[in-house]
Every structure is written in C-alpha cells, then in structure tokens.
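Participant: Structure in structure tokens, see below.
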C-alpha cells in the first residue's frame, strides 16, 4: 500500500460510489489532477474519467477507481482524499503531506 499515490478515506470512497451511480454510463471512475491557479499557486481538480490515459496511475480501493493525472503524481504522493460534509457545504478534501502553504479559503496550495 505504501506505493499508492492517493489513499481514500471511507467517506471519500462512499461519496465517489454515489457520484458514479449518478454519472453517465461512459464514466469508469474519477480523475484527480492539479492545475496552476488559485491564490497559493496550485489547485486540485476532479472530473469523470471516461478512459484510462497513458501513464496514468490507477487506484482501485474500497470499490472505486481513481485515476491520477501523470502530471499530478509528484504533487499528490502520500495524499489522503477525504470527503467532508458540513452544514452549508460539502467537498472533497485533500490531506497532502507535500503542501508547504495553503490559501485561507482552502482552494489552492503550494508544494
């Protein structure tokens, strides 16, 4: 397990299962990546994965498939993906040991 890029919490896996149950049938999992932007420099992105892309890391855990964009692997190593539901918002949360800085709104980070 130590070689796995991302680990999923039980709540994240349950949420992904729910999202996949609502998705169009062409989706095979969710893709996680990072993009430049946000006040701290990088932000996480998630989308439906419809195919496996070259050099992508495929994580099958707790009954779900997560595809990690090859350009994001070095930023996401050792990250735990969680899902938090609060009174007014719910979102996926990334607990990333590589972060050196995170903006106040929690939307972006630096490594």
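Rule-based calculations on the coordinates, nothing more; no lab input. Model, not experiment: these values are computed from the prediction. Note that we place each Cβ from the backbone using ideal geometry, even for glycine, and neighbour counts take in every protein chain shown.
Participant: Among 12, 72, 27, which one shows the highest mean-square fluctuation when the chain is modelled as a Gaussian network with alpha-carbon springs under 10 Å?
Facilitator: Taking springs between Cα atoms under 10 Å, the residue moving most is 27.
Participant: Of 74, 20, 42, how do they rank once you tally other Cβ atoms within 10 Å and put the fewest first?
Facilitator: 74, 20, 42
Participant: Let me ask something else about it. Which three extents, in whole angstrom, do the alpha-carbon atoms of the stretch 17-78 cover along their principal axes, largest first?
Facilitator: So the three principal-axis extents are 34, 22, 21 Å.
Participant: State the Cα centre-to-centre distance between the stretch 64-99 and the stretch 1-59 in whole Å.
Facilitator: 8 Å
Participant: Another question about this same structure. Any chance you could list the semi-axes, whole Å, largest first, of the equivalent ellipsoid that the Cα gyration tensor gives for the stretch 6-110, using √(5λ)? List each step's numbers first, then the result.
Facilitator: On the way: eigenvalues 92, 59, 30 Å².
That gives 21, 17, 12 Å for the three semi-axes.
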